[in-house]
Amino acid sequence: MRVVLGMIEVRKPINFDIYSEHGDRLLSKGIILYDQSKVDKVLNLKCYTTQYGEEYQEYIENHPASSPAIYIEKLIVRLEVAYTNFITNGYNLVGEVVDISKELVESLDCNPDMLIGMIHLRSNLNHAIFRTFQNSVLAVLTAKKLKWGGNMLESIACASLTQNLGMYLLQLDLEKHEGELNSFQRAQIRQHPKQSSKMLMTLGVQDRSWIQTVAYHHERMDGSGYPYAHFGKDIPHESRLLAVVDRYGSMITPREYRDPGCVKEIMRYFLSKTQSKYDRHLSQAMISAIGLFPPGITVLLESGEIAIVTKRTSDRLYPEVHAVWGVDKKPYTRPVLRTTSDPKYHIVSVTEHKDVARLNVDLLWGDANNDRSEQPLFRGEVVQVAAAQDKGEDEITLF
């Protein structure tokens, strides 16, 4: 549904998510706009209550449980609303964070590849909130690989989701910031681990591991971190892990002023013998947990096709992939499963594609029992698919 006059008002919580005509989420349910000019701006844009526009609202509303995109967005929106209410009216967000953490740990038991894929593909959500969610997925997955206990999993999930509580407003301000930071901004950043841990104690958190993980997550093994400049032996293992996944997540996530880093190069950095800031054992564990070719990254196949990694396998060199673009660079009608152990479909390299962020991820990780034949390959596209057989594969030009 198109967002029109009367649907949103100044100083009243928005009752639904708001998306651009291209499917990017602009505002989350529960957010309050305090300036009429901002309300007018939303009304003057082509904005919708669903990421697929008017044409797919009915489908999305009828199939919410089977949509990875909607599942992830709902978790992130819940966290964003909790943060917003904490900032605006002092709401105690601890209970909601604990609930989200438990759900996240359970989800990583059921469908880890989907979650790994989503945090590598999606970047058009609230950057500050998405990054904490991203860190939580990576941290819990690595902790499970290390066989850390259940209480530790929930504790590190909670710590990941609240690590930047003390600088949330600054993060929002800095999202598109370019150039040098001023002295006040630098001071806030250097003190935010301490500030965040104090806030959590004030809110009643009694989990010592949660508090300590947040307080020390920017300390570095070589003593170059902040705010305490501790060396490795004095840094809790949970904080060391959060430091690793936070840096990895930052490097793979695009910003307004830079493209995402290459996953393979980032992994080489963490495993380098000259790298002294991050715990190498925990770095190896994270890479082992997500795979050499993590779900969600884009790869070039021997066939000349460009594919998305969708699932880890027992052989880390040969993950499951789905080809999205053919040799002629045109997108297929639907992603096509390829077996990378077959020499014809060996992975040649990790690559990029300008349209990867627009992919309809429900076609990659959605419930196979639900019909998605009417969904487009890309978010924001509305197409009538006329199947044309070519060597057993459907192809269509969407541009």
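Comparing Phe184, Phe133, Phe231 in a Gaussian network model of the chain where C-alpha atoms under 10 Å apart are linked, the largest mean-square fluctuation is found at Phe184.
In region 64-290, the C-alpha radius of gyration followed by the widest Cα-Cα span (Dmax) gives 16.4, 48 angstrom. Mean-square fluctuations from a GNM of the chain, with a 10 angstrom spring cutoff on Cα atoms, peak among Gly23, Gly291, Gly95 at Gly95. The translational diffusion coefficient of region 115-220, from Stokes-Einstein at 25 °C and 0.890 mPa s with a Kirkwood hydrodynamic radius over alpha carbon pairs, comes to 167 µm²/s.
When the chain is treated as a Gaussian network with alpha carbon springs shorter than 10 Å, the biggest mean-square fluctuation among His177, His346, His217 belongs to His177.
Given the -39500 (n - 2.57) contribution per DSSP H run of 4+ residues, what per-residue ellipticity at 222 nm results for the chain, rounded to the nearest 500 deg cm²/dmol?
The per-residue figure over the chain is -13500 deg cm²/dmol.
Among 195-203, 158-166, the peptide with the highest mean count of other Cβ atoms within 10 Å heads the list, and the full ranking is 158-166, 195-203.
Once you have the Kirkwood Rh of region 171-223 from its Cα pairs, apply Stokes-Einstein at 37 °C and 0.692 mPa s and quote D in µm²/s. The partial results should precede the final answer.
Details: Rh = 12.7 Å.
Roughly 259 µm²/s, to the nearest whole number.
Each pair of Cα atoms in the chain enters the Kirkwood radius, and Stokes-Einstein at 25 °C and 0.890 mPa s then converts it into a translational diffusion coefficient of 110 µm²/s.
Please report Rg over Rh for region 195-300, where both radii come from the alpha carbon positions and Rh follows the Kirkwood definition.
Values: Rg = 15.3 Å, Rh = 15.0 Å.
Result: Rg/Rh = 1.02.
Among 33-41, 104-112, the peptide with the highest mean count of other Cβ atoms within 10 Å heads the list, and the full ranking is 104-112, 33-41.
Whole-percent P(r), region 262-376, all Cα pairs, 10 Å bins from 0: 13, 41, 31, 13, 3, 0. Here's how it looks for Leu26: its modeled amide H is under 5 Å from those of Ile18, Tyr19, Ser20, which are all 5 or more places away or on a different chain. The phi-based Karplus calculation (6.51 cos²θ - 1.76 cosθ + 1.60; θ = phi - 60°) puts the 3J(HN,Hα) values of region 346-361 at 4, 6, 8, 6, 7, 9, 10, 9, 4, 9, 5, 5, 8, 4, 7, 5 Hz, whole numbers, x for Gly and Pro. Near the amide H of Leu359, within less than 5 Å, lie the amide hydrogens of Arg379, all on another chain or at least 5 residues away, with H placed in the peptide plane. Past 27 Å, Cα to Cα: identify those pairs from Lys144/Lys233; Lys147/Lys273; Lys12/Lys74; Lys38/Lys194, in the order given. Flagged as over cut-off: Lys38/Lys194.
Bear in mind that the values in this text are calculations on the coordinates, not laboratory data. Please read all numbers here as calculations on a predicted model, not as lab measurements. Every residue, glycine among them, receives a Cβ derived from its backbone with ideal geometry; neighbour counts consider all protein chains shown.
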